[in-house]
Structures are given as C-alpha cells and as structure tokens.
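Data block below; observations after.
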Amino acid sequence: MAEIVQQRLEDRIPGLEQLERVGLFTKKEVRLVIKKSTALEYKLHRPMLRKEDFITYIEYEIGVLELIKKRRLRIGYNFKKDEIEFPIMSRISSVFRRATAKWKDDLQLWLSHVAFCKKWNMKTQVSKVFLSLLAIHPDKPALWIMAAKCEMEDRNSSESARHLFLRALRFHPKNKKVYLEYFRMELMHAEKLRRQQKELEQAEMAMGEYEFSMEILNGKLAEVVYKEATEKIKDAEFVLSFLNIAALFDFTKELQEMILQDLQNKYANDPLTWDYMAKCELEAGLGAEMGAELQSTKEKASDTVRREERSCLVYEEGLKSLQTEAMWTCYATFCWNRFKRKTNVTELKEKRQERLLTVFQRAHDALLLEESFYKKWVKVLQSTGDADGATRVAVAATKRFSQSVETWSCSLQTLMELGSANVDELFQEALKHVNPKVTLMALWVLQLEWSASTQSPEETEALFKRGLASTVPAVSMEVKKKYLDWSYTTGGYKKARQTFRSLHEHRPFSKEFFLRMIQIEKEQDSLKMSNIRDYYERALREFGSSDEDLWLDYIKEERGPHGQAENSGSIHWRAMKSLEGECVERFVTKYTLLQTGHI
C-alpha cells in the first residue's frame, strides 16, 4: 500500500513544482498540499474502503482546482494548463472511476462524475462515463435521454445522440419519453442544418462538401420516429405530445398537418382529440387580431365571443358521438377556464357565466358531471346571489356522491353559510352514507361547529355525547378534545373540569386532550399543582412509553415557579424506565440540553 501511495505522490510532484515556479502557489502551500494528499491517499488504500473517503478526496482536489482558477485570474497567468490542471482532472476522474466501480448502484456518484467532467470541459470523458453508466443501468430511460442530450448539446454530435436513442429503444421499446425526446432531437438536428444552410447561402459560399438533404431538412427523420412510436403506442395524448413538440419549430407545418390528420382519423372517439380541436378554434385568428389592433375593447370582446362559440361548437359536435364523463369534463374545464379570465366587458362576463352554468346543468342532468365541478358550480351560484340554486346543487351533489366525505363537507358548509333549515337532517344523512372506515372527522368537526353557533347548549352537548360514542377512534378522540374546549368556553373552568372527570377514563385518548386540560388549569388564578400532576400522570399512563416530550414537559413544570424541583429527579428515573427504543436516546439528548439551559 505504501509503495502505491508513494508512486501517486511522486506523480504529483511535476505539477506542484510548476505551481510554485509560476507563482500560483507558495512553497508552504505546496507542502500543505503534499501533506493533505498523503493522508487522503492512504485512506483510499485501506482494506475496508469507505465511500466518504473517496468523496472527501474528490472534494479536496476540486477545491485545489478552483483555487488555481482564482489565482490565475488574479495574476493573469493562463499558460501551462496541460501540466498543472490536466493531471489533477485526470486524477479526480480516476478516483471517480474507482468509486463507481465499487458502488455501482450509487447514481448520485455517477452523475457527480458527469457534472465534474462537464464543468471542466472534459467532453470525451463525459461520453465514456455515460457509456459505463448505461452498461450497468440500461433499465433507466432517464439516463439514456440524459446521455443523448449530452451528445447533442455538449458535443454537437447528432449521430451519437441518434445511436444512443436507438439503443435505448431496444431496452425500452414502449417508453413514451424516449420516443418524444428522440423526436425532439431529430427536429433540433434539422433546424441546425437549416440554419447552417442559410448562413452559407447568405455568405454566398459554394456548398461544396456541405450537401443538405431536403428530406432531413424538412424533418423526415422525425416523421419516421413519430410513425414508429405511434404504431407501438396507441394513445391520443401521446400523439398530442408529438404535435406540441412539432409546433415549437417553424418548418414543421406539413408534419403538424399529418399528425393532426392521424389524430382525427384514429382517435375520433377520444375526448382529448375534441378538446385539442376546440382549443385550436379558440386560437385561430388570434394572431391576426393582435396584428390588426382592433379599434375598441367592445370589438375585441365580440371577436373573443365568436372564437369561444366556435370552440363550443366543436365540443357539441364531440358530444354527439361521445357522451362520456371525460368528454363533459373537457367541455366544463374549457368553460371554467374562460369564465375565470378577467374582463371589464360585462356582456362577455355574462356570456361566459351563462355558458358555464348551462354546461354544468346539462352534464349533471346526464349524470356525467365530475365531482370537483359541483363545488365550483355552487360558488358561481353563490356569487350571483342565487341562494336557492346553490342549495339545490349542494343537495344534488350529496345525492350523486353520497359516500364522498369531501362532497358532504363542501355541501354542508355551503348550506350552513346560506342558513338552510335542514342542515341537521343532512348531517345525519351524511353520517349514514359515508363509510365508517373513511375518516368522518371532518364531518363531525363541521357539525359540532355548526351546532355550537346555531343550536342550544343542551342540543350541542347531546351532539358531543353522540360523537363520543363513535366507533371510529379518530372521531372519538377529536370530539373529546372539542368537548373539553367547548365546555371551557361556555361554562368556564368548573364545567371544563367536570367534563374532564367524566372523560378521563373514556378511551381512546389523545395527548392533546390532556395537554389542553393542563393549559386550562394553568390559566386559572388559583393554579393547583396537584391537579396538573394528576393530568400529567394520567397522560403518561397512556403515552409514557413512546413520548419523551411529555416527560420533559412534566420535568419543566416541576422546575417552574409552582412545582417542586426535587421531584424532577424521580420523574427522570421513571422516564428512563418507561421509554422504549429510540425514545430513550432522544430523551437523554433533550434532557442534557435542558440541564445546560439550551431548551
């Protein structure tokens, strides 16, 4: 081991001598580098290798490179880089290779090597790293894409990028992302060639060896990729992704028309096709409008109405053959997005609102309106002052989605805001329909808040007692805490303590229930420490084996102005006996911080 380390150190000497000779490092700094490098090298040749040692070595060497770069800028010396920086960069790459050979599955290590090579302009090395990485991890499409992009963008080699994409498709013949990025790469290659051709023509230079194939210039290679991809993967959204990429290039009009034709012919029964065609109608003429600079806001609004109506006609045409929830969702989403757009033209705003409400109603009548739209529908009706309509829609939503906690919560909250008379009845309906295994807590909390604000104390208390009897532990625990809060708010300390006494043996418990009673006790003018101890003891019976913070709070309380500091020792001893697993270690750490005054 010593011989290898010595050999590596001797290999560094020429570079270090150059650093000292040209004035980038002092003699003392060179000695420090040798001393540090020796220590790091020995760590890399121990019998038991550690990844952290390799990372530390790499970080140190990169730090040296950065320092050299700064010193060069400061003194304006830009020579002998092959003799100074290049050996260091080669050494860092060598350490990276050793590390990745040992820890092959550590992708972060591989990508750190790639990032290093890119930063220090080691382009050939980047390709080699990716080839080694892909040989070990061919099952990760993202790495193939990353490698191909690197070849295309950093090394300006479309041929290498194409080769990588073709290899990637052998491993991932139905991966959408690989096909899309391959398609994008071919279009970028065509665009680059078109730009080169234009520059040569402008310079009036003879083409000579630069022969540009018109098929490649027009994106025919990208078209081949598209056709192969869509033959293997039948999906409208996938086809639309190709169309969106093609639209980014100004020479792909024919390609876009071909893709659009495929979309209409092969996926006429897919809502996404109709959605795309409708949005095209909305955008049609938009550029002309911007260029013409219409004379008035009213004319602009009229043009917007016409384009939106054309889009709606496309959706209506789609609904004739495609009466599905997905189709109605596309239509309703379009109308909702247009409704949300701000405008100062009252007629346009009213037209959008009327259209939106009509679509909501028709989709609801067909039993094909998506659940999330009912909330939007209710809000729109409320904003127009149509309380009866909002109530009707809220009730209809609960009938349609009778097992949805979210729908019940939204609808009941709406009815509460509108002051509906049958809220209590609907709460009972909600509790009947929603599956007990699904969280009912939101419904109970909502009902309790409503009862506390609108019903008599007797009715509210009866509701709390019903909640306590719930078979769902989460509901029972939350109701218990809310009951204690409500008792304190309405009846003061005496009522709260009475409620606590009636519930302190009623399982299941939550830690918050006991902490809230402790807080109530501490708010009293005549605080009784005996009561606080009782509350802590009861809480610790339930949570003392797994909650170190509860023990620490108890100790802090005894050390406070109302406690007895001598009791903290026995509490600490009990905590060490009661806590289990990692809680013991955390308790010891926090108790030490408490002792030293840091918490």
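The values are calculated or read from the model by the stated rules, or taken from the named source; none is laboratory data. Everything numeric in this text was worked out from a predicted model, so none of it was measured. Note that we place each Cβ from the backbone using ideal geometry, even for glycine, and neighbour counts take in every protein chain shown. For accessibility, only protein heavy atoms count, side chains too; no ligands or nucleic acids. Shrake-Rupley method; radii C 1.70, N 1.55, O 1.52, S 1.80 Å.
Here are a few things to note about the model shown:
- Maximal additional length on extending the GLU83-ASP154 stretch stands at 23.1 nm, based on 0.36 nm per residue less the C-alpha distance.
- Sparse-neighbour loop sites [GluC sites (Glu not before Pro); the stretch 531-582; at most 13 other C-beta within 10 Å; DSSP]: GLU566, GLU580
- The simple Förster model, with R0 at 45 Å and r as the Cβ-Cβ distance, assigns GLN595 and LYS465 a FRET efficiency of 0.50.
- Scalar couplings 3J(HN,Hα) for the stretch 366-380, obtained by applying the Karplus form with A = 6.51, B = -1.76, C = 1.60 to θ = phi - 60°, are 7, 6, 10, 8, 5, 4, 5, 6, 5, 5, 4, 4, 4, 5, 5 Hz; x denotes Gly and Pro.
- Residue-wise HN-Hα coupling along the stretch 131-142, computed from phi with Karplus coefficients 6.51, -1.76, 1.60 (Hz; x: Gly, Pro): 4, 5, 5, 5, 5, 8, 10, x, 7, 10, x, 4
- Once the Cβ-Cβ distance of GLU425 and ALA366 is raised to the sixth power relative to R0 = 35 Å, the FRET efficiency obtained is 0.80.
- Label-to-label distance, nm, for residues given as LYS119 and ARG170 (7 Å Cα→Cβ offset): 3.4 nm
- Accessible area (Å², per residue) of the stretch 479-588, counting only protein heavy atoms and a probe of 1.4 Å: 51 Å²
- The spacing between the stretch 401-415 and the stretch 96-136, judged by their C-alpha centroids, is 54 Å.
- The share of accessible area on the chain that comes from carbon and sulfur is 51 percent, using a 1.4 angstrom probe.
- Sites LEU131 and VAL224 - FRET efficiency at Förster radius 22 Å, r taken between beta-carbons, to 0.05: 0.30
- Projecting label points 7 angstrom from Cα along Cα→Cβ for LYS376 and SER90 puts them 6.4 nm apart.
- For THR252, residues with placed amide H under 5 Å, excluding near neighbours: none
- Label-point gap, in nm, between GLU3 and ALA268 - each point 7 angstrom along Cα→Cβ: 8.1 nm
- The stretch between LYS36 and GLU20 holds 4.1 nm of extra length on full extension. This uses 0.36 nm per residue minus the Cα-Cα distance.
- Helix-only CD estimate at 222 nm, as mean residue ellipticity for the chain, using -39500 (n - 2.57) per DSSP H run (n ≥ 4): -25000 deg cm²/dmol
- Option label - Cα Rg over 2.2 N^0.38 Å computed here, alternatives (1) 0.90; (2) 0.96; (3) 1.45: (3)
- Listed values for the stretch 262-276 are Karplus-derived 3J(HN,Hα) couplings in whole Hz (6.51 cos²θ - 1.76 cosθ + 1.60, θ = phi - 60°), namely 4, 4, 6, 7, 9, 10, 5, 9, 10, x, 5, 5, 5, 4, 5, and x replaces Gly and Pro.
- Solvent exposure of the stretch 279-399 amounts to 55 Å² per residue of accessible area, where only protein heavy atoms count and the probe is 1.4 Å.
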